[in-house]
Every structure is written in C-alpha cells, then in structure tokens.
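The values are calculated or read from the model by the stated rules, or taken from the named source; none is laboratory data. These numbers were taken from a predicted model, which means no experiment stands behind them. Counting neighbours? That spans all protein chains shown, and the Cβs are built from the backbone with ideal geometry, glycine included.
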Amino acid sequence: MRKSRLFFIFFFALLSIISLVPQTSIDVYPSFLLITIDTWRWDYIGVSGSGRVKTPNLDKIAREGIYEREMVTPCPLTTPAHASIFTGLLPQKHRILDCVGFSLKEGITTLAEVFKREGYLTSAFVSSDSVVRKYGLDKGFDFYDDTGIGRRSKDDWQYGTKDGSLTTKSALDFLTKNSQKRMFVWIHYYDMHAPYRRRPEYDAKYPNDVYAAETLFVDDEVGKILSFVRHSGKWRIMVVGDHGEGLGDHGEYGHGMALYGSTTHIPFIIYPKPAKALEHEKPWGLIDINPTVFEWFGFSDNSEKDGESLFKKGSRERVLPMITLMPTFTFGAEPFFGVRKGDFSYLRFCSEELYNLNSDPDEKNNLASSTETKELLLQLRQKCNYLFPESLLESIMTPNLKSSPEELKDLMRLGYIGGVAPNFAKIQKTNIKDLLSDWNFLQANWEEGFKRKNPVQIKDAFGKMIKKYPEAPIILRTYAKFCLKTGDYANALLTYEKIVKSNPQDEESLVNLGTLYLMQGKIEKARILFETALKINPDDPSCRKNLGLLYGDILKQPQKAIPHYKRYLELDPTSPDAAKIKEYVAKEGK
C-alpha cells in the first residue's frame, strides 16, 4: 500500500516537473501572421458600421478576436509607417521619413530579428516598391519576396506595384511547403493604393467606388490566407493598415500631405482573442504593435521603444505624435505635425487646429480659438514644440539612401517624392487647403499629361507650381528632370543651376547639371560638378561614367579616366556601354 502511494506521489511529481520543461510543439509556440493592408481607411471594413463596403473575412476575425476601429499611424506614408510597426519607434527615431530617400537606421532591432532569434522561420511577401529590401525592412527575414513588382505595360501609369493575387499565391506556396515549422510571416497588400487596377467582378459590385471594390478584393485575398492558417495549426494573427486615404476629406485626395483622420486612422485586428485582456488607454498607435507582440509571445526585448504594450494599462496623459514631411520635401513648405491625446487631435501646419474626435469625428469644428480649450491647446502646442524642434528636423531630413533615377521615377508615379534637405530659412508659409489644392492640380495634370502623351500639359503645371513655390526642392528637381528628358535643355540648365545654388549637396542635380555643361563644352565647370558629386557618393555610376568620358574622350587623359571606368563597370556591369568601355580600358590600360 505504501509502495503504491509512493509511486503515485512520484508519478504526479514527475508530471509537474515535465510541465515546467519548455515545449517545442506548435501548440506552445504558435506561429505568427502579420498582414498589413496598405492605404486602408478606418471606415472601409464592414464591422466599422460605416456601410461603405462588405468585408466578410475581415469581419469574422474582427468579431471573434479584438478589433480597434481607429488605430493611429505616426506618419501617413507606407515606408515610415511600416518601419514603426516593425521597430516600435517613431519616424524621427528610426529615421525613415519618406518612401524614397531613407533606410532604417543602423542598430535598430526589428520584429523579424527577434522572431528569428527565438527559432522561428521568418518570411515576408510584399507588393510595392515602397517596402522593397533596400529600405532595411528585410532585416531579420530568412526569406523576403519583393519580386514581381513593376508596371503592367510600358505605357502604364501604374508603377511599382504587384497584384495582390500574386502576393497571396507566393505566400500560400511558402506556407504549404513549411506548414510543420514555426513561422513569422508578413504579408503586405497594396491594391487599395491608387492608381487602381480594374477588376470587372469587383467593380460591378461597387460601380461608383473603385476604392471599395479594391477593398472587397483584398478581403477575398486575406480570406484565402486565413482559410489556410486557421486549418493548418495554431496561429496568432494581426491585421492592420499602415495609413488611410483621403477620398476628398478636407480636400485631400491621396495621403501624405495632411494628418486628418481619413489618412491617420486605420483598423486593427488581433485574432484569436488573447487570454490576457488588452487594457491600454486609447488611442492606440502603430508604434504599440511591436511591444504588444513581444508580450503576447513572451519574448524579451530590451531595445528602445516609443510604443507601449497594449496589455498594460498605460496612462491617460500619453500623447501619440504624428508627422509628415511631404509638404517640406515637395513644396518647401512647413512640415505638418500634431499629437493625439485622448479624444483630442492637435494639428499644426502654419496655423493650429484642434478637434474633439468624440463629438466631431469628421474634424469640421476647429476648437483652436475656443476659450474652453485654451489650456489644452497650450499644453499640446508645448508638447509639439518638444517633440518636433526645428533643430531635430534639420538634422534628420537629409536622405540616407541613394536611389537611381529609374527608381525615383517609378516611386514618383505612385505619388512618393524623394526627400531633399530643405533650407528652413526659406520655408514657405501657406495653408493646408491651398497646398492640397495645388498638390491635386499637379498630380492630376501629371497623370493626364502622361496618359495623353502631352508633355506641354505637364510642363505648364510644373511651371505654375514653381512660380508659386520658388524654393520647392522636389518640384524643381522633377521639373528639371522632365525638361532634360524632353530635350528642353535650356530650361533644364536654368532650373538645375537654381537647385545647386540652393543645395550644393544635391548629388543627382550636380551630376545632371554637369552633364548639361559637358554638352555645352564647358569642360571645367562639368569636371568640378562631377568631382563634387563623387565626394558625396563615390558609388554613383553615372558620375563615374561621365568622369571617364570627360578625362578619356575630351581631355585625353586615360590614366585619370580608367579608374572611373573600372569602378563604373563594377557598379553597372550590365550597362549597354559595358563592352565599349571594357575595350577602352583594355586598350589604354596597357
């Protein structure tokens, strides 16, 4: 009897010990699926109650899990917003400030890196030029599929995108092959970003709202992924937007110029509902996703975070910063920034705006001059001054990523404009209504002129903007490149001279101006500009090629030309000029 009793005591003690040993099954360590839906407004999901669109697949997991109707993005642009999702940092910390000119700051730990450290197979499937690996978002991923991104035909206005159905197929192929492994999978859909693809089946259901048609399409694609993961083991899932879309709200068509709720509020879903409640005070922000995931999975991470775990209570006094530098990069105007605190949104762009989003969700009643909110206005103004000092903005706005002219052209077709460090002494004062109107005018004429092959229409539109915004860095650069491409060398020269005088660190403009001087026979001026550009970026292939040409063909100094030609061949080995240059190097290098 005693032996039997001792046996059971030993047996149950052994079970207790076993229960403390870390398990390796998928039940204990679930896989994680992160779906980001680019350009997803808060009110374009059925469960929001807006009635704008039906999304049965997203609605299902929203109702069964946790759904937050209006999470806040720190920046209404794709690359900065995704960087905040993966790092838990604000744009001024991770240093990606637009979708063209910046890459992730060195030394920052990403979500994927931590999952990889924990033994997960990490993979990503993305659908846009704005999240390809050169921006640093591939850090920590074992597999990063950014293939198949481009335009549908050579005459197509649509650049830099991939149809969501192809993204789904790539993801499902990978999931099927690795179904027995613990995975962190990121899937990114871009179909709700303009310009839209025509989809007859979906357009027929929403003939007057192509954005809704694309939303329904994305819901179907997400449904295919959800169907797989919900029947192939235990998964934890988050679905979130990166920013919204202005559909005429406050005069904004698109996103990136302003910070109204139409572009800064996005849906957020967690599925299944975690055992522990999400108690954090609202509003929640994209910067909170990173620390929330780590706590949900029990991972430790001591890296710096601006976000907070949503499993913690948080403080009612917390503010969520928001910023976009597109007005500055594009028009040479002030940055647009603001903060969210509780129900209130404080915005500043030349003038101040304050909205109570509880009583005024459409932000129609500006309370900035109200005596009742005077104290709150002062508090939020001071907070903005602290978060966005001019000295900080000046120090972080110089692009740290080199993009080729082709890459810049493709991204500009999507409405993304490359950054140039602005001259804050020449910042232009305007109001957001006029700025949005001018941006809409420029975009519309650019697109229509491209489709109709009418360069005069495009040139006239840029001319009007330059007259109104004479220090607009990107408008000037884009106009100068357009003149160069269309053979209007006189206007290209004048514009590039103005750009370089204003910003002698603008490498691309230095090279292009040098090329124009070379065409005019102004050899010494061209040489100085090329050499200056080379000091800024020693790996600029066009600069290397031009210096080879200048020293070799014009100045007849092959000993100076050959090093530049050799480096050019290393940087661009598939160049159409490669064979000819190799022949020159072989002949003159003897």
**OP:** Would you check if there is a residue in segment 474-485 being in a helix (DSSP H, G or I), in contact (Cβ under 8 Å) with a residue 24 or more places away in the chain and either exposed (fewer than 14 other Cβ atoms within 10 Å of the Cβ) or acidic (Asp, Glu) (or both)?
**Re:** no
Original post:
Residues of segment 207-255 being of a type in the set (Asp, Glu) and either in a helix (DSSP H, G or I) or within 30 Å of LYS181 (Cβ to Cβ) (or both), which ones?
Top reply: GLU214, ASP219, ASP220, GLU221, ASP242, ASP249
Subject >> Residue ID - surrounded by the fewest Cβ atoms within 10 Å (Cβ to Cβ), chosen from residues in segment 452-473 that are hydrophobic (A, V, I, L, M, F, W, C) and touching a helix residue (DSSP H, G or I) at 6+ places or on another chain (Cβ under 7 Å) >> reply: ILE466
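Suppose we keep only residues that are in a loop (DSSP other than H, G, I, E, B) and in contact (Cβ under 8 Å) with a residue 60 or more places away in the chain within segment 317-341. Which one would you say is nearest to the chain's Cα centre (by Cα)? Break it down stepwise before answering.
Taking segment 317-341 as the starting set, the residues that turn out to be in a loop (DSSP other than H, G, I, E, B) are 317-319, 325, 332, 334-335.
Keeping just the survivors that are in contact (Cβ under 8 Å) with a residue 60 or more places away in the chain gives 319, 325, 332, 334.
Numbers: VAL319: 22, LEU325: 13, GLY332: 21, GLU334: 20 Å.
The residue in question is LEU325.
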**OP:** Run THR73 past the list (1) over 23 Å from GLY136 (Cβ atoms); (2) touching a residue at least 40 places away in the same chain (Cβ under 8 Å) and report the number of the one that doesn't hold.
**Re:** (1)
Original post:
Which one of the conditions (1) in contact with a strand residue (DSSP E or B) (Cβ under 6 Å, 6 or more places away or on another chain); (2) at pLDDT below 95 does PHE141 fail to meet, given that it meets all the rest?
Top reply: (2)
Subject >> Residue satisfying all of: in segment 236-291; among the charged types (D, E, K, R) and surrounded by fewer than 23 Cβ atoms within 10 Å (Cβ to Cβ); nearest to TYR189 (Cα to Cα) among these >> reply: ARG236
**OP:** Please state which one of SER123, SER84, SER103 is in contact (Cβ under 8 Å) with a residue 40 or more places away in the chain, in a helix (DSSP H, G or I) and in the same structural domain as GLY160 (by TED's automatic domain parsing).
**Re:** SER84
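Could you grab me the full set of residues in segment 360-375 that are touching a residue at least 12 places away in the same chain (Cβ under 8 Å) and more than 25 Å from LYS429 (Cα to Cα)?
Selection gives PRO361, ASP362, THR373.
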Original post:
Quick one: how many residues across segment 35-59 are over 21 Å from GLU245 (Cβ atoms) and either under 25 Å from the mean Cα position of the chain (by Cα) or crowded, with 18+ Cβ neighbours inside 10 Å (or both)?
Top reply: 0
Subject >> Residues located in segment 347-366, provided they are surrounded by fewer than 20 Cβ atoms within 10 Å (Cβ to Cβ) and not charged (D, E, K, R) >> reply: CYS350, SER351, ASN356, LEU357, ASN358, SER359, PRO361, ASN365, ASN366
**OP:** Name the residue, out of GLU363, GLU372, GLU308, GLU352, that is outside the structural domain of THR73 (by TED's automatic domain parsing) and assigned to a loop (DSSP other than H, G, I, E, B).
**Re:** GLU363
**OP:** Would you point out the residue of segment 508-539, among those that are of a type in the set (Ser, Thr, Tyr) and over 15 Å from TYR551 (Cα atoms), that is surrounded by the most Cβ atoms within 10 Å (Cβ to Cβ)?
**Re:** SER509
Subject >> Breaking point among (1) in contact with a helix residue (DSSP H, G or I) (Cβ under 7 Å, 6 or more places away or on another chain); (2) within 14 Å of THR78 (Cβ to Cβ); (3) modelled with pLDDT under 95; (4) not in a helix (DSSP H, G or I), for HIS188 >> reply: (3)
**OP:** Considering only segment 459-475, state which residues are over 14 Å from PRO327 (Cα atoms) and within 26 Å of the chain's Cα centre (by Cα).
**Re:** PHE462
Subject >> Candidates SER153, SER179, SER165, SER130 - the one that is outside any loop (DSSP other than H, G, I, E, B) and either modelled with pLDDT of 95 or more or surrounded by fewer than 22 Cβ atoms within 10 Å (Cβ to Cβ) (or both) >> reply: SER165
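Scan segment 62-78 for residues that are assigned to a helix (DSSP H, G or I) and either among the aromatic types (Phe, Trp, Tyr) or closer than 17 Å to ASP219 by Cα (or both) and jot them down.
If the condition is that a residue be assigned to a helix (DSSP H, G or I) and either among the aromatic types (Phe, Trp, Tyr) or closer than 17 Å to ASP219 by Cα (or both), then ALA62, ARG63, GLU64 are the ones that fit.
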**OP:** Tell me which of these ALA112 doesn't satisfy, since it passes every other one: (1) at pLDDT 95 or above; (2) closer than 19 Å to HIS243 by Cα; (3) small (Gly, Ala, Ser).
**Re:** (2)
